[in-house]
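Peer 1: Have a look at the structure that comes next, please.
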Number of protein chains: 2
Amino acid sequence: MALIVQKFGGSSVGSIERIENVARKVIATQQAGHEVVVVVSAMKGETDRLTDLAHAAAQSNSPRPRELDLLLSTGETVTIALLTMVLERLGAGARCYTGAQVNILTDSAFSKARIQDIDAEVIRDDLSSGRIVVVAGFQGVDENGSITTLGRGGSDTTAVALAAALGADECQIYTDVDGVYTTDPRVVPTARRLDRITFEEMLELASLGSKVLQIRAVEFAGKYQVPLRVLSSFEDGPGTLITMEGDAMQQGSMEEPLIAGIAFSRDESKVTILGVPDTPGIAAQILGPVASANIEVDMIVQNISNDGLTDFTFTVHKRDYDRTLEILKDRAQTLGAREVFGDSDIVKLSLVGVGMRSHAGVASRMFDTLAAEGINIQMISTSEIKISVVIAEKYLELGTRALHKAFDLDEASGKTVAVEGENT
Amino acid sequence: MALIVQKFGGSSVGSIERIENVARKVIATQQAGHEVVVVVSAMKGETDRLTDLAHAAAQSNSPRPRELDLLLSTGETVTIALLTMVLERLGAGARCYTGAQVNILTDSAFSKARIQDIDAEVIRDDLSSGRIVVVAGFQGVDENGSITTLGRGGSDTTAVALAAALGADECQIYTDVDGVYTTDPRVVPTARRLDRITFEEMLELASLGSKVLQIRAVEFAGKYQVPLRVLSSFEDGPGTLITMEGDAMQQGSMEEPLIAGIAFSRDESKVTILGVPDTPGIAAQILGPVASANIEVDMIVQNISNDGLTDFTFTVHKRDYDRTLEILKDRAQTLGAREVFGDSDIVKLSLVGVGMRSHAGVASRMFDTLAAEGINIQMISTSEIKISVVIAEKYLELGTRALHKAFDLDEASGKTVAVEGENT
């Protein structure tokens, strides 16, 4: 008998019929001999409806955060009550709780609160009485008793936090897709579902724009070593298990795969400032005003100094492009820089895989592959399990498909080709 | 400076525009120098929407009560958040609380919970900081932390309970109507709004079918001596103040009015059992099975014994008429009764007024008036401040209008006539 936490998102509970579908999955898990805790989001459309009401009431896009959180929290509360009614109708004993009722204690950062503690006692009592426990995702309560929310997608975090607090054997996140893919199948038709992926890889993929899981949920799961599984609400299947690196090695193929997947982001733009004095603290002088404007900087490249002058290039979100250019042009005068310019028609491609830690040659194969397609690399940034490059936006599909094939990620047929000709 | 609790019902907060109207009334009260606590219901239609969802989920008209209460409570939670946002936008400092957040402690009788205690401390703190406090009506929390509701119209009860806990100077109930009337103006066009009415009279009027106030709220207000005022959300005006008898005397007209109002109920039906042995305990033997079937009996008349046999007549709600007849026919055999029959084409008319305590002749004037219109009285029942008669349904309008005029309740013009010709 295992203890399993299952999380269902808004479209999985978007109607009474869909809630029934969820209830059947939950009951099947219980009948397979497991204890089940279910975390649900608001019914699809409900959060938007409530947000619209709030905007109308406040006549602003930023209604008061304490009241907004209280308002939005009602969405999940509705779902837990309905799911529990359906579970009972289908013959299962069930009990539901709001975040406050199981003391999901958070800080008071309304609309993006962080979970600090969970009192799992009441849930354990219900489970040992044979009940299915239904908990509202996305919401908590601060020490003053005010209702907080964890931000969009926060129900994933609730599920993982509950799994950690209960010492659950697995936390299952049900979504619209049937697992984590090697890359976006809309861009690469031969993309395939991964059976397993490590937390680190998933984190890199999530933060690079893969929308399957909320990044905080993955961090949380990694920190508390909660095995996480992504599966489809609408189809049966094993989904993708997100585990510790060792587990994946142990049960995966003999050889650790080199690359788990390819992520890309269309949200990038880059700005360059040329010919600034290469003195200590110059980076801070350039990036300080950008950070002060609450603009997040992603990749940063500084070229080698030449005649005491150096060049900086960094990327920011496309929405911040104009403002960043403005700030830098302002800054250029003070610093005596030669020129400031930018480009927003770029994308970032990233190879992610714990396997690259122990394999040389990933970077060079990546660069070779892109060169063979005539794709110029504009920036490069690497971390222990990731290599990112910036290329022109028009090459996104071409580059991703070429890399997907070169790194042996294509489905069965593609894989054969890779083994024959290209495996190092 | 007074402390005033104001309650606004579902149609008063049925849209953002209406919520703005409520906010302006509340702010005007504060600007007149008062402290204000506002209690609101769910937006009109919301409770029905949630109830429909629950019925669909449970596939039954009686979903599980704990979950149903949790579900329904979200309706008021939405309203308090929206009203607080609007108040803030209009420049007023405000803070909102769910029932659980101000510890409106109730028993665990879901869907009809009773308030046991309120922790008013947090509200007092807000008030002394100059804030308007907005509290969700209709909902509370039991000692296990489960959310409860007080039953339809329970927001009135919340308002009165808060007023009692805070020692408020007045509890104002805003409704669709501008006060309590001498009778239903749709039946008697000359019906007039009462400036004042006593709690006892209001209780009798409320329990007799006048839908202005929830009866429990009136009981509560009477018990804790909270002055209660019924007024219109949509028009200005003084409404009707519900007070202690002494207050009404002191500030009202020199002479206590004989009758405060006329109530009627179309929901009645009567059943008669003839020729049962007049032995001790016979009433219990007849009414016992009716009570066991959860049928509420209203008026009961037992005729004088004749040859050791007696007759019983009593009234029940029209919806229980068929079942009551069935039960009695069953019972008739055991008791050796001669006959069982009934009539569901009846209404109950009631005169209510604390004035009748000290005035003789109310009953006889009532009977004379009805007789003069050729209306036969089928049953009579009296209490200290009420006389009720059962008459044929077709005489409802005729009887009510005749009594309204005879007891000097008509508007100005009518009143003159009454003073001239009919006042005893």
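No value in this document is a laboratory result; all are computed from the given coordinates. Everything numeric here is computed off the predicted structure, so don't read it as measured data. So basically every Cβ, Gly included, is an ideal-geometry build from the backbone, and we count neighbours across all protein chains shown.
Peer 1: Tell me, what is the percent relative contact order of segment B:57-158, built from C-alpha pairs under 8 Å that lie six or more residues apart?
Peer 2: On the way: 181 pairs, mean separation 32.1, N = 102.
It rounds to 31 percent for segment B:57-158.
Peer 1: How tilted is helix A:154-166 with respect to the longest principal axis of chain A? Cα atoms for both, answer in degrees (0 to 90, nearest 10).
Peer 2: Relative to chain A, helix A:154-166 is tipped by roughly 60 degrees.
Peer 1: Placing unit charges on C-beta atoms (Lys and Arg positive, Asp and Glu negative, everything else neutral), compute the dipole magnitude of chain A about its Cα centre in debye, rounded to 20. Let's see the in-between values first.
Peer 2: Working: 39 positive and 59 negative charges, 127 e Å.
Around 620 debye, computed over chain A.
Peer 1: Right, next: Could you give, in nm with one decimal, how far A:Q285 is from each other copy of that position, shortest first, with labels 7 Å out from Cα toward Cβ?
Peer 2: Ordered by distance, the counterparts are at 10.9 nm.
Peer 1: Something else about it: GNM, chain A, Cα, under 10 Å: largest mean-square fluctuation among A:L127, A:L162, A:L231?
Peer 2: With Cα springs under 10 Å in chain A, the top fluctuation among A:L127, A:L162, A:L231 is at A:L127.
Peer 1: Residues of B:96-102, mean number of Cβ from any other protein chain within 10 Å of their own Cβ, rounded to a whole number? Walk me through the intermediate numbers first.
Peer 2: On the way: counts 6, 3, 6, 0, 6, 7, 1.
Per-residue shielding by partner chains comes out at 4.
Peer 1: Take every residue in peptide B:62-73, count the Cβ atoms of other chains within 10 Å of its Cβ, and give the average of those counts. All intermediate terms of the calculation are to be shown ahead of the outcome.
Peer 2: Numbers: counts 0, 7, 9, 0, 4, 13, 3, 1, 10, 10, 2, 4.
Taking the mean over all residues of the peptide, I get 5.
Peer 1: For segment A:3-252, what does the relative contact order come out to in percent, with C-alpha contacts under 8 Å and a separation of six or more? The partial results should precede the final answer.
Peer 2: Values: 536 pairs, mean separation 49.4, N = 250.
Relative contact order for segment A:3-252 comes out at 20 percent.
Peer 1: Any chance you could check the Cα centroid distance between segment A:128-146 and segment B:34-51 for me, in angstrom?
Peer 2: Cα centroid of segment A:128-146 versus Cα centroid of segment B:34-51: 25 Å apart.
Peer 1: For A:Y174, B:Y181, which order do you get if you count the other beta carbons within 10 Å of each Cβ and list the fewest first? Display every interim value, and only then the final one.
Peer 2: On the way: A:Y174 25, B:Y181 21.
If I rank by nearby Cβ atoms, fewest first, I get B:Y181, A:Y174.
Peer 1: From the phi of every residue in segment B:5-17, what ³J(HN,Hα) in whole Hz does the Karplus formula 6.51 cos²θ - 1.76 cosθ + 1.60 yield, where θ is phi - 60° and glycine or proline is x?
Peer 2: In residue order, the calculated couplings are 9, 10, 10, 10, x, x, 6, 6, 10, x, 7, 4, 4 Hz.
Peer 1: For an R0 of 45 angstrom, estimate the FRET efficiency from the Cβ-Cβ distance between A:D267 and A:N144 and round to the nearest 0.05.
Peer 2: Details: r = 37 Å, r/R0 = 0.81.
Here the calculated transfer efficiency is 0.80.
Peer 1: Something else: Taking neighbour Cβ counts within 10 Å as the exposure measure, how do B:T382, B:T158, B:T272 sort from fewest upward? List each step's numbers first, then the result.
Peer 2: Numbers: B:T382 14, B:T158 29, B:T272 19.
Least to most surrounded, the residues fall as B:T382, B:T272, B:T158.
Peer 1: So, one more: Where does helix A:46-58 land angle-wise versus the long Cα axis of chain A, in degrees 0 to 90, nearest 10?
Peer 2: Computed tilt is about 70 degrees.
Peer 1: What is the mean projected area of the alpha carbon convex hull for chain A, to one decimal in square nanometres? The partial results should precede the final answer.
Peer 2: On the way: hull surface 94.1 nm².
Value for chain A: 23.5 nm².
Peer 1: Still on this model: Got the relative contact order for chain A handy, in percent, Cα pairs under 8 Å and 6 or more residues apart?
Peer 2: Values: 890 pairs, mean separation 54.2, N = 424.
Relative contact order comes out at 13 percent.
Peer 1: Pop out the ³J(HN,Hα) list for segment B:396-410 in order, Karplus 6.51 cos²θ - 1.76 cosθ + 1.60 with θ = phi - 60°, rounded to Hz; leave Gly and Pro as x.
Peer 2: Couplings: 3, 5, 4, x, 5, 5, 5, 5, 4, 6, 5, 9, 6, 9, 4 Hz.
Peer 1: Can you list the HN-Hα couplings for segment B:31-37, worked out from phi with the Karplus curve (6.51, -1.76, 1.60; θ = phi - 60°), rounded to whole Hz and with x for Gly and Pro?
Peer 2: 5, 7, x, 9, 8, 10, 10
Peer 1: Moving on to the next point. Could you give, in nm with one decimal, how far B:I380 is from each other copy of that position, shortest first, with labels 7 Å out from Cα toward Cβ?
Peer 2: So the distances to the same position in the other copies read 10.8 nm.
Peer 1: Continuing with this model, one more query. 222 nm [θ] for chain A, helices only, -39500 (n - 2.57) per DSSP H run of 4+, per residue, to 500?
Peer 2: It lands at -11000 deg cm²/dmol.
Peer 1: Using the 7 Å Cα-to-Cβ label point, sort the distances from A:N103 to its equivalents in the other copies shortest first and give them in nm to one decimal.
Peer 2: The projected label point of A:N103 is separated from its counterparts by 1.6 nm.
Peer 1: If you don't mind, there's one more thing I want to ask. On a 0 to 90° scale, report how tilted helix A:362-372 is relative to the longest principal axis of chain A, with both axes built from alpha carbons and the result rounded to the nearest 10.
Peer 2: 70 degrees
Peer 1: Nearest to the axis that maps chain B onto chain A: list the chain B residue whose Cβ wins, with the distance in whole angstrom.
Peer 2: B:T74, 2
Peer 1: Beyond 28 Å, what share of the Cα-Cα pairs of segment A:3-252 is found? Please give it as a whole percent. Before the final figure, lay out the partial values.
Peer 2: On the way: 9347 of 31125 pairs.
So the pairs more than 28 Å apart make up 30 percent of the total in segment A:3-252.
Peer 1: Report, in listed order, any pair from B:K223/B:K386; A:K44/A:K394; A:K25/A:K405; A:K112/A:K223; A:K112/A:K405 with a Cα-Cα distance greater than 30 Å.
Peer 2: Listed pairs above 30 Å: A:K44/A:K394; A:K25/A:K405; A:K112/A:K405.
Peer 1: Just tell me which lysines come within less than 23 Å, Cα to Cα, of A:K329; anything on the same chain fewer than 8 places away is out.
Peer 2: A:K270, A:K318
Peer 1: Can you give the average number of partner chain beta-carbon atoms within 10 Å of each beta-carbon in peptide A:299-310, as a whole number?
Peer 2: The mean count of partner-chain Cβ atoms within 10 Å per residue comes to 0.
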